[in-house]
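Step one of this worksheet: look at the structure below.
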Amino acid sequence: YKTTSTSSSSSTSNTSSNTSSWLSGAAKDMVFDAEYYAARYPDLRAAYGTDATKLFEHFLSYGIKEGRIASAIFSIQYYVENNSDLKAAFGTNESQLYNHFVNYGIKEGRQASPMFSVDYYLTKNADLKVAFGSNRESAMNHFISYCNSENRITAQHANLGDNVDVRI
């Protein structure tokens, strides 16, 4: 199922195979949330319902190239626009940008979405700071596991001012 991709099929499948080789396990959880993806895009929900496997296949085959956001944690557009060094190093190479985030960006505390900042998450949730210290990966894994059941502050929304916190 494809709605807006203008890429050739060889370029799309190349991105899919390059991305899927490292996009599994915890890395997958950082950038892909099937419920979020289906809720954000009504066309995908209509085509696939809540079938996580089919949604993930769509994301790999088309969603990445279409610039679709599949997680509250990661927006490739936000990541590249707010990290000029990455833009200079990787340009618009989606696979390299995703790979950088899951292997380096989170450890460096780079914010990859206006909805989630791991450093802000640790700062505003003192119990998590005590539990995880400066281990950003553990804090992110906590967010992934418990964000829907706990009312945690996840980011400071820059466009709304310093006194507005985002909760997911």
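The values are calculated or read from the model by the stated rules, or taken from the named source; none is laboratory data. The model shown is predicted, which means the values in this text are computed figures rather than measured ones. All Cβ positions, glycine included, derive from the backbone under ideal geometry; neighbour counts span all protein chains shown. The protein model used for the area step is the full one, side chains on, heavy atoms only, and it has no ligands, DNA or RNA in it. Shrake-Rupley method; radii C 1.70, N 1.55, O 1.52, S 1.80 Å.
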Please report, largest first and rounded to whole Å, the three semi-axes of the ellipsoid equivalent to the stretch 29-160, where each semi-axis is the square root of five times an eigenvalue of the C-alpha gyration tensor. 24, 19, 12
Burial order of peptide ranges 138-144, 102-108 (average beta-carbon count within 10 Å, highest first): 138-144, 102-108
Calculate the dipole size of the stretch 68-142 relative to its Cα centre from +1 charges on Lys and Arg beta carbons and -1 charges on Asp and Glu beta carbons; express the result in debye to the nearest 20. 80 debye
Solvent-accessible area of Asp51, probe 1.4 Å, all protein chains present, reported in Å² to the nearest ten, please. 60 Å²
Can you compute the radius of gyration and Dmax for the stretch 70-111, using only the Cα atoms, both in Å? 9.1, 25
Heads up, I need the accessible area for Val130: 1.4 angstrom probe, whole protein in place, Å², nearest 10. 130 Å²
Karplus 3J(HN,Hα) series, Hz, for the stretch 108-120 with 6.51 cos²θ - 1.76 cosθ + 1.60 (x for Gly, Pro): 7, x, 6, 7, 10, 6, x, 8, 8, 10, 4, 5, 5
What is the list of residues in the stretch 127-146 whose amide nitrogen lies under 20 Å from a point 7 angstrom out from the Cα of Glu35, following Cα to Cβ? 139-146
Phi-based couplings in Hz for the stretch 66-73 (Karplus 6.51, -1.76, 1.60; Gly and Pro marked x): 7, x, 6, 8, 10, 6, 5, 7
Give or take rounding to whole Å, what are the principal axis extents of the alpha carbon atoms in the stretch 52-130, in descending order? 40, 34, 19
Cα-projected label distance for Lys87 with Glu137, points at 7 Å along beta-carbon direction, nm: 2.9 nm
Whichever lysines have a C-alpha closer than 23 Å to that of Lys129, once near sequence neighbours (fewer than 8 apart) are set aside: Lys107
Quick one: Cα centre-to-centre distance for the stretch 42-94 and the stretch 132-148, in angstrom? 21 Å
Cα-based Debye curve of the stretch 32-77 sampled at q = 0.20, 0.27, 0.29 Å⁻¹ gives log₁₀ I(q)/I(0) of -0.52, -0.97, -1.12
